[in-house]
Amino acid sequence: MKRDFIQKLTYSINNGGLLELVQRGHDGTVLIMDSSRENQKERKSDYISAGDMVMLINYYRYIIDNDIQNDFINPNGINCE
């Protein structure tokens, strides 16, 4: 019997809010929610497929491993893409 389980990662973000990544089960779509502490009712949410999540991790590793300058991941990188 397959069981659904929920995995959750949470991070404090610089606007005083909370970033949550929630996945229900292995290879499930990732729900991304962020909220500001100033107004907990205002939440923005997006979905990322399992395949796109793997691609994002691979892209991050590629930028770091090759020290490529990227405004978001590696602003002080020495190589250009």
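Read-outs throughout are calculated quantities, based only on the coordinates presented, and are distinct from any laboratory measurement. Keep in mind the model is a prediction, meaning the values are calculated, not measured. Methodologically, a virtual Cβ is constructed for each residue, glycine included, from the backbone with ideal geometry; neighbour enumeration extends over all protein chains shown.
Rounded to the nearest 500, the helix-only mean residue ellipticity at 222 nm of the chain stands at -6500 deg cm²/dmol, with each DSSP H run of n ≥ 4 adding -39,500 (n - 2.57). To the nearest ten degrees, helix 50-65 and the longest principal axis of the Cα atoms of the chain are 30 degrees apart.
About its Cα centre, the dipole of the chain is roughly 520 debye, where the only charges are +1 on Lys and Arg Cβ and -1 on Asp and Glu Cβ. Expressed per residue, the C-alpha convex hull volume of the chain stands at 116 Å³.
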